[in-house]
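Following: one structure in C-alpha cells, then a few remarks.
The values are calculated or read from the model by the stated rules, or taken from the named source; none is laboratory data. Keep in mind that what you see is a predicted model, and the values were worked out from it rather than measured. All Cβ positions, glycine included, derive from the backbone under ideal geometry; neighbour counts span all protein chains shown.
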Amino acid sequence: MIAVDATASDELIHHYNTLIQNGFNIVAVNKKANTLPIELYKEIRANLKKYDKEFLYETSVDMGVPVLQPLRDLYYSGEKITKIRGVFSDNLSYVFNRFSSDEVAFSSVLKDAGLLGFMRYTFKEDLSGNDTAKKLLILTREIGKDFELSDIKINSLIKEEHLEENDTLNKEAIDKYFKIVKITQADNHVLRYVGEFDVQKNTLEVKLVSEPVTSAIGQLKGSDTIFEIYTQSYADVPIVIKSASACKQAISRGIITDILKVAEKIKNKEAVWL
C-alpha cells in the first residue's frame, strides 16, 4: 500500500508514523515531514526501517527533475561533497531574473509574478526565504547532517522598512532599496537568491548574491531552478542540475515516478518471500 501526500498540510505529516506502522509506504510532495525537528525526522526513519517501508519525496525539492537521487548516489558511493548551492525557488528565480534583465521597478516585478502565478497572495512568505531554507535543509539531511531549520542563516528579502503599518508592501521603500542593490553591483553581474551549504565551513545560508553573468546561476532564465553540487573529485567544477519551472504534468510525472519506484521495491520484496 502506498499513501500519497500531495498537500502542504502541517497536520498530515504527523500521521506518517501511524501510516507506516499500519503497512503504508509514503510518497510525498509535501516537504514539511523532512523539515521537522531532527528527533521527529529520525523517528520516521526508525519506523521505516522497523516496518520495512519506503518514503520517497523527490518532488518536495524540485518538481521538474530529480535532484535528491543524484545527491544520494554521490553520498552513498563515498564521494565527499564539499558544497551545495543554487536557486531552489522558481518564484524567486523569476523575480530576480526579470529584475536583473529589465529596467523595471521591483514592486512591478512582484505584481507581474503574482499575475503569472509565481507569487502567492502572502508575498511575505515567498520573500522571507523560508521555502529556500527548507529545501536547503532537506538537501543537507540527505547527506547525513543533523541540522535544524534554526541553524540556517536566512537573509529575508523583506525588511521592516519595506512594510506599511497594515503589513502591506511599501512600494517606494522596496523599489528604492533594490534599485540601489542593483546599480551598485559590479559590471556584468546579476542578482540571484540562493541557498548554500558550505560543508567545509559547516555554514548554511539563504541570501541575495551578485553573480557573474557567465556563471551557471548567472545565466538562469525565466523561472528556472538550479542545483550545484561541489565534490572533492571535481574540485571547483560543480555537478549542475537545472530545471525549468514545473508544470502540472511534470509534477504528476515526478509523483508517478516515485510511486513506481516504491511499487517495484514492494514487488521485489514479495518475490523474495515466494
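Which of the residues that make up region 158-175 are without any contact (Cβ under 8 Å) to a residue 60 or more places away in the chain and either touching a Gly at 6+ places or on another chain (Cβ under 6 Å) or surrounded by 15 or more Cβ atoms within 10 Å (Cβ to Cβ) (or both)? Steps first, answer last, please.
Step one: filter region 158-175 for residues without any contact (Cβ under 8 Å) to a residue 60 or more places away in the chain, giving 158-168, 170, 172-173.
Passing the criteria: 158, 162, 163, 170, 173.
What number of residues in region 5-40 are surrounded by fewer than 18 Cβ atoms within 10 Å (Cβ to Cβ) and touching a residue at least 40 places away in the same chain (Cβ under 8 Å)?
3
Would you confirm, using the coordinates I've provided, whether residue 88 is assigned by TED's automatic domain parsing to the domain that holds residue 134 and in contact with a helix residue (DSSP H, G or I) (Cβ under 6 Å, 6 or more places away or on another chain)? So that I can check it myself, show each step before the final result.
Details: assigned by TED's automatic domain parsing to the domain that holds residue 134: yes; in contact with a helix residue (DSSP H, G or I) (Cβ under 6 Å, 6 or more places away or on another chain): yes.
It is true that residue 88 is assigned by TED's automatic domain parsing to the domain that holds residue 134 and in contact with a helix residue (DSSP H, G or I) (Cβ under 6 Å, 6 or more places away or on another chain).
Among the residues in region 65-80, are any within 18 Å of residue 222 (Cβ to Cβ), surrounded by fewer than 21 Cβ atoms within 10 Å (Cβ to Cβ) and modelled with pLDDT under 95? Walk me through how you get there before you give the answer.
Taking region 65-80 and keeping what is within 18 Å of residue 222 (Cβ to Cβ), we get 65.
Retained after the next criterion (residues that are surrounded by fewer than 21 Cβ atoms within 10 Å (Cβ to Cβ)): 65.
With the extra rule that they be modelled with pLDDT under 95, the set shrinks to 65.
Yes: region 65-80 contains one or more residues that are within 18 Å of residue 222 (Cβ to Cβ), surrounded by fewer than 21 Cβ atoms within 10 Å (Cβ to Cβ) and modelled with pLDDT under 95.
Out of the residues in region 36-64 that are part of a helix (DSSP H, G or I) and of a type in the set (Gly, Ala, Ser), state the one that is modelled with the lowest pLDDT. Working first, answer last.
The first filter runs over region 36-64 and keeps only residues part of a helix (DSSP H, G or I), leaving 38-50, 58-60.
Among the residues that remain, those that are also of a type in the set (Gly, Ala, Ser) are: 46, 60.
Working: 46: 97, 60: 91.
Among residues in region 36-64 that are part of a helix (DSSP H, G or I) and of a type in the set (Gly, Ala, Ser), the one modelled with the lowest pLDDT is 60.
Which of the residues that make up region 198-253 are of a type outside the set (S, T, N, Q), over 20 Å from residue 119 (Cα atoms), in contact (Cβ under 8 Å) with a residue 12 or more places away in the chain and in a loop (DSSP other than H, G, I, E, B)?
If the condition is that a residue be of a type outside the set (S, T, N, Q), over 20 Å from residue 119 (Cα atoms), in contact (Cβ under 8 Å) with a residue 12 or more places away in the chain and in a loop (DSSP other than H, G, I, E, B), then 199, 213, 216, 217, 218, 238 are the ones that fit.
How many residues are farther than 13 Å from residue 14 by Cα and of a type in the set (Asp, Glu) when one looks only at region 40-55?
The qualifying residues number 2.
Being outside any helix (DSSP H, G or I) and within 28 Å of residue 74 (Cβ to Cβ): is that true of residue 192 here?
Values: outside any helix (DSSP H, G or I): yes; within 28 Å of residue 74 (Cβ to Cβ): yes.
Criteria met by residue 192.
Could you grab me the full set of residues in region 254-266 that are touching a residue at least 12 places away in the same chain (Cβ under 8 Å) and not polar (S, T, N, Q)? Full working, then the answer.
Of region 254-266, the ones touching a residue at least 12 places away in the same chain (Cβ under 8 Å) are 254-255, 257-259, 261-263, 265-266.
Residues satisfying the conditions are 254, 255, 258, 259, 261, 262, 263, 265, 266.
Name the single residue that is farthest from residue 138 (Cα to Cα) among those in region 41-65 being among the small types (Gly, Ala, Ser) and touching a residue at least 40 places away in the same chain (Cβ under 8 Å). Give the derivation first.
So the first thing to find is which residues in region 41-65 are among the small types (Gly, Ala, Ser), and the list is 46, 60, 64.
If we keep only those that are touching a residue at least 40 places away in the same chain (Cβ under 8 Å) as well, we get 60, 64.
Numbers: 60: 9, 64: 17 Å.
Top of the filtered list is 64.
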